[in-house]
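Rule-based calculations on the coordinates, nothing more; no lab input. Just so it is clear, the model here is predicted, and its values are computed rather than measured. Virtual Cβ from ideal backbone geometry, glycine too; neighbours counted across all protein chains shown.
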Amino acid sequence: MGETLRSYEEINEKIREGKAVVMTAEEVIDLVAEKGLERTAREVDVVTTGTFGAMCSSGLMFNIGHTKPRMKIAEAYLNGVLTYGGLAAVDLYLGATQVAKDDPLNKVHPGEFKYGGGHVIQDLVAGKDILLEASSYGTDDYPRKKLSTWINIRDLNQIYLFNPRNAYQNYNVAVNCSDKMIYTYLGLLLPHLGNAGFSSAGQLSPLLNDPYYRTIGVGTKIFLGGGEGYVAWQGTQHDPSGARNERGIPKGGAGTLAVIGDLKEMSPDWLWGLSLRGYGCSLAVGLGIPIPILDEEMLYFCSIRDEEIEAPVVDYSNAYPNGTGEVLGYVNYGDLRKGRITVQGKEIPTASISSYVRAREIAEILKKWIAEDQFTLTVPVLALPGKESGVRFRNLPERPYSNGQNGMRR
């Protein structure tokens with residue numbers, strides 16, 4: 001790690017005094033090239049990161065308050081989108097990828113959806129009225145069985161974004177080796193390696209600037225959806241066990257974050273409902289994390305360039321439906337952003353479903369907040385599991401049922 005240059009407390013004191021030197025992860029690359037690692041590390045206090053793209057494992061926890069007479073909600077819909085009610089009486093959870101039950105697009109084009117949970121979240125944060133339809137089986141203390149009403153974010157007791165898996169550290173580059181066109185969450189893929197889809201902010205992405213989770217952990221304060229949020233836990237499918245390059249960058253998905261924040265403080269500019277053809281619905285989430293430059297090693301990690309970050313190329317016509325996960329090779333984000341890569345000797349065009357421009361904007365906003373003493377740093381209360389932890393994501397093993405007729409175990 002080298003010599004400790006500053007602590008969280010010292011950085012926060014400089015923020016309060018208006019003396020902190022803050023740069024985005026993009027800006028600091030050129031400064032390190034100009035002045036060198038040691039000198040830059042002594043000058044820069046904080047590096048800001050950002051990412052903006054589809055984050056399917058996202059959702060909303062909210063409480064509507066009690067009705068008269070009281071009701072224990074068993075099933076509910078928001079603007080026709082199923083909302084989970086298997087909690088306390090009026091606590092509900094809305095998933096970003098849940099699709100509307102009577103989606104008009106699906107009626108014309110089966111499998112296509114115009115509206116889903118992500119759109120409800122965007123409409124809620126935009127202050128729109130939302131139709132709530134709920135039902136219950138009724139009990140002595142919760143006798144009401146039906147409810148139909150309009151709700152608004154202003155009237156809800158609590159409403160917060162709770163996303164189980166956001167900000168993948170790295171991710172696949174999707175291609176299609178089959179002879180037919182396929183639709184995926186990384187976009188339309190043309191046959192015979194006709195194109196490639198990817199989704200990452202690369203050199204601006206939070207976990208790629210802290211590859212070993214030295215400063216990002218449970219309790220880290222972040223930019224989330226245009227407001228403040230926190231890292232709540234390791235994300236689902238967090239798997240730091242895979243191979244890494246000499247800069248510590250994982251050659252696969254690796255780390256993920258579970259994050260939480262008050263929706264009432266967020267903005268529809270940074271939470272977008274998405275419709276992905278042939279896949280369904282999702283939510284684009286804006287997320288940014290400040291990284292304290294505690295020592296030279298942290299700056300070394302934060303000066304990573306797109307050209308030094310490689311992502312695996314995966315054939316989605318085979319690997320995804322069949323679960324093989326075969327990697328065809330690796331390409332770097334510098335080439336991906338230039339618009340063309342070479343896979344198996346063939347040069348193909350690339351397209352990103354995440355926005356590098358908006359990721360840059362998030363890093364700039366976070367930089368401004370810190371410079372103006374609107375945002376201080378938090379010390380993690382618990383480290384995320386690292387490569388040495390033994391944590392590894394495993395898929396569900398196949399276990400045949402004992403009764404082949406109806407699938408029921410005896």
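Please sort 175-185, 223-233 by packing, taking for each peptide the average over its residues of neighbouring beta carbons within 10 angstrom, highest first. Before the final figure, lay out each step's value.
Details: 175-185: 16.6, 223-233: 22.2.
By packing density, highest mean first, the sequence is 223-233, 175-185.
Can you tell me, using C-alpha contacts under 8 Å and at least 6 residues apart, the relative contact order of the chain as a whole percent?
24 percent
If you take every residue apart from His119 with its C-beta less than 12 Å away from the C-beta of His119, what net charge results, scoring Lys and Arg +1 and Asp and Glu -1? Mind dumping the intermediate values first?
Working: positive: Lys114, Lys128; negative: Asp103, Asp123.
Net local charge, His119 excluded: 0.
Suppose every Lys and Arg Cβ carries +1 and every Asp and Glu Cβ carries -1, with no other charges. What dipole size does the chain come out with about its Cα centre, to the nearest 20 debye?
Dipole about the Cα centre, nearest 20: 1500 debye.
Please work out which option in (i) 31.4; (ii) 20.1; (iii) 24.0 gives mean projected area of the Cα convex hull in nm² calculated from these coordinates, and answer with its label.
Only one listed value fits the structure, namely (iii).
Would you mind ranking Met55, Met266 so that the residue whose beta carbon has the fewest other beta carbons within 10 Å leads the list?
Lowest to highest Cβ neighbour count: Met266, Met55.
Charges only on Cβ, +1 for Lys and Arg, -1 for Asp and Glu: so what's the dipole of the range 86-217 about the Cα centre, in debye to the nearest 20?
The dipole magnitude comes to about 140 debye.
Order of His238, His192 from fewest to most other C-beta atoms within 10 Å?
The most exposed by this proxy come first: His192, His238.
Kindly state, to the nearest 0.05, the FRET efficiency for Tyr300 paired with Arg16, given R0 = 45 Å and r defined as their beta-carbon distance. Before the final figure, lay out the partial values.
Numbers: r = 27 Å, r/R0 = 0.61.
FRET efficiency, Tyr300 to Arg16: 0.95.
Compute the helix-to-body angle for 356-371: its Cα long axis versus the longest principal axis of the chain, expressed 0 to 90° and rounded to tens.
So the helix axis and the longest Cα principal axis differ by about 70 degrees.
How high is the FRET efficiency between Ala33 and Ala74 when r is their beta carbon distance and R₀ equals 56 Å, given to the nearest 0.05?
Details: r = 60 Å, r/R0 = 1.07.
Efficiency, from the Cβ-Cβ distance: 0.40.
How big is the dipole moment of the range 1-91 about its Cα centre under a simple scheme where the beta carbon of each Lys and Arg is +1, that of each Asp and Glu is -1, and everything else is neutral? Debye, nearest 20, please.
Dipole of the range 1-91, to the nearest 20 debye: 680 debye.
Show me 201-207, 62-68, 131-137 ranked by packing, highest mean number of other Cβ atoms within 10 Å first.
Per-residue mean Cβ counts within 10 Å order the peptides as 201-207, 131-137, 62-68.
With springs connecting C-alpha atoms under 10 Å apart, model the chain as a Gaussian network and identify which of Leu92, Leu366, Leu60 has the largest mean-square fluctuation.
Largest GNM mean-square fluctuation: Leu92.
Using 1/(1 + (r/R0)^6) with R0 = 60 angstrom and r between the beta carbons of Tyr8 and Asp179, what's the FRET efficiency to the nearest 0.05?
The formula returns an efficiency of 0.60 here.
Would you please name the GluC sites (Glu not before Pro) within the range 246-317 that are DSSP coil residues with at most 11 other C-beta atoms within 10 Å of their C-beta? Mind showing how you got there, number by number?
Values: sites: Glu246, Glu265, Glu296, Glu297, Glu307, Glu308, Glu310; in loops: Glu246.
The qualifying sites are Glu246.
Return the distance in nm (one decimal) between the two label points of a simple spin-label model at Leu190 and Leu105, each offset 7 Å from Cα along Cα→Cβ.
The two pseudo-label positions are separated by 2.3 nm.
In the chain, with Lys and Arg counted as +1 and Asp and Glu as -1 at Cβ, which of these residues, Gly219, Asn395, Val331, has the Cα nearest the positive end of the dipole, that is, farthest along it?
Farthest towards the positive pole: Asn395.
Could you check the simple spin-label distance between Asp335 and Phe393, using points 7 Å along Cα→Cβ, in nm with one decimal?
Modelled inter-label distance: 2.4 nm.
So, in Å, what gap is there between the alpha-carbon centers of the range 254-300 and the range 316-362?
One Cα centre to the other: 20 Å.
Averaging sequence separations of C-alpha pairs under 8 Å and six or more residues apart, then dividing by the length of the range 1-74, give the relative contact order as a whole percent.
Rounded, it is 32 percent for the range 1-74.
Quick check: pseudo-label points 7 Å beyond the Cα along Cα→Cβ at Asp140 and Asp262, how many nm apart are they?
For Asp140 paired with Asp262, the spin-label model returns 4.0 nm.
In whole angstrom, how far apart do the alpha carbon centroids of the range 158-207 and the range 63-141 sit?
Here the answer is 27 Å between Cα centres.
Going Cα to Cα from Lys72, which lysines come in below 16 Å? Please leave out same-chain ones fewer than 8 positions away.
Lys145, Lys146
Whole-Hz Karplus ³J(HN,Hα) for the range 203-215, in order, using 6.51 cos²θ - 1.76 cosθ + 1.60 and θ = phi - 60°, x for Gly and Pro?
Computed from phi, the couplings for the range 203-215 are 5, 9, 5, x, 6, 6, 9, 9, x, 9, 6, 6, 10 Hz.
At 0.36 nm per residue, minus the direct Cα-Cα distance, what do Asp129 and Lys368 gain on full extension? Give it in nm, one decimal, please.
Stretched fully, the Asp129-Lys368 segment lengthens by 82.8 nm.
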